[in-house]
Amino acid sequence: MAVLNVNIDHVATIRQARLTDEPDPVWAAVQCELAGANGITVHLRQDRRHICDRDVRLLKQTVACKLNLEMCMAESIVKIAEEIKPDQVTLVPEKRAELTTEGGLDCVRYKKRLADVVKRMHKKRILVSTFIAPDNEQIMASAQTGCDAVELHTGMYANAVGKRAIKKRLAMLEDGKELAMENKLMVHAGHGLTYRNIAEVARIKGLCEFNIGHSIVARAMFAGIGPATAEMIKLIDKFSL
C-alpha cells in the first residue's frame, strides 16, 4: 500500500507573503504527522522563497516520521543536507523564475554531478531519490549513479485533457515504474496530484510513496491541515489496495 508524504512548502509561502512568523510550517508538520502522514517534504530553494534554513533545522529536530528534503545539486545546498542529515533527499531541478518545479531533473546531462552527490549523501546515511520524467534514459541514469529511488513526475498526467491523453500518461507512468523496479529502485510519484485525480495514479501497483503539497494546503484553508491530510490518506488507501 502506498503512503503519503505531505509537502508543506506552501504553508511557508503564506508566512513569507507577510514576512511574519505565522503560519509556522513546523507546527503544520506536527498536525500532518498526527493525521497519519508517512513523511514531511520540504524544498529548500536557493532563493529561500518559502522554506528557510530555520524550518529545515527545526523539522529535523521535531519530525518523528520521515523527513524528505527536496533540493537542487548546488554546492551550498548539498552542504546543508550533509549537515542536517534528513532521512531522504529528493534531487530536483531549480530555476529562479519558476512558480514551482517545472520539470524533472536531467540525470543524463548531469550524471557525473549526480553520482558525486549520491556518494556524499550515502556517506551521511541519507537515502537519495531523483525527481524525473518517466523516461527510460533518466531512470537508468538514476540507477547507474546509485540512487535509492526515483520520484516519477506526474505533472503531464495531471495536466492531460481527455480520456485518451490521460490513458497515455498513465501508461508512461506504469512503464517507468516497471523499469525502475527492475533496476532495484523504489518508486515514488508526485506533482500536480489532487483529491480529484489521485485515484488513477494510486491504482498503479508498485508505487510506494506520494509527495503531495499544494492541493492539501489549499484544502487545509477550509478544513484544517490535519483533516485535509487524513482525507488524502483515505483516498490513497482506498485506491491502492
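If only residues of segment 1-23 that are in a loop (DSSP other than H, G, I, E, B) and in contact (Cβ under 8 Å) with a residue 40 or more places away in the chain are counted, the one that is farthest from the chain's Cα centre (by Cα) is MET1. How about segment 185-239: which of its residues are touching a Phe, Trp or Tyr at 6+ places or on another chain (Cβ under 9 Å), small (Gly, Ala, Ser) and either more than 20 Å from ASN159 (Cβ to Cβ) or not in a helix (DSSP H, G or I) (or both)? ALA189, GLY190, GLY192, ALA228, listed by residue number. When MET71, MET121 are checked against the criterion of being surrounded by 22 or more Cβ atoms within 10 Å (Cβ to Cβ) and more than 26 Å from MET156 (Cβ to Cβ), MET121 stands alone in meeting it. Identify, please: which residue in segment 155-189 is touching a Leu at 6+ places or on another chain (Cβ under 8 Å) and within 21 Å of ALA141 (Cα to Cα) and is, among those, surrounded by the fewest Cβ atoms within 10 Å (Cβ to Cβ)? Among those residues, the one meeting the criterion is LEU173.
Would you check if GLU151 is more than 16 Å from the chain's Cα centre (by Cα) and either not in a loop (DSSP other than H, G, I, E, B) or not charged (D, E, K, R) (or both)? Taking the combined requirement at face value, the residue does not satisfy it. From the list VAL42, VAL78, VAL26, VAL56, the lone residue that is surrounded by fewer than 20 Cβ atoms within 10 Å (Cβ to Cβ) and either touching a Pro at 6+ places or on another chain (Cβ under 9 Å) or not in a loop (DSSP other than H, G, I, E, B) (or both) is VAL78. On the basis of being part of a loop (DSSP other than H, G, I, E, B), on the phi > 0 side of the Ramachandran plot and either loosely packed, with under 15 Cβ neighbours inside 10 Å or not β-branched (Val, Ile, Thr) (or both), does GLY146 make the cut? Criteria met by GLY146.
FYI, it's all coordinate maths here, none of it is from the lab. Small disclaimer: the values here were computed from a predicted structure and weren't measured. Here the Cβ is made from the backbone with ideal geometry for all residues, glycine too, and neighbour counts use every protein chain on show.
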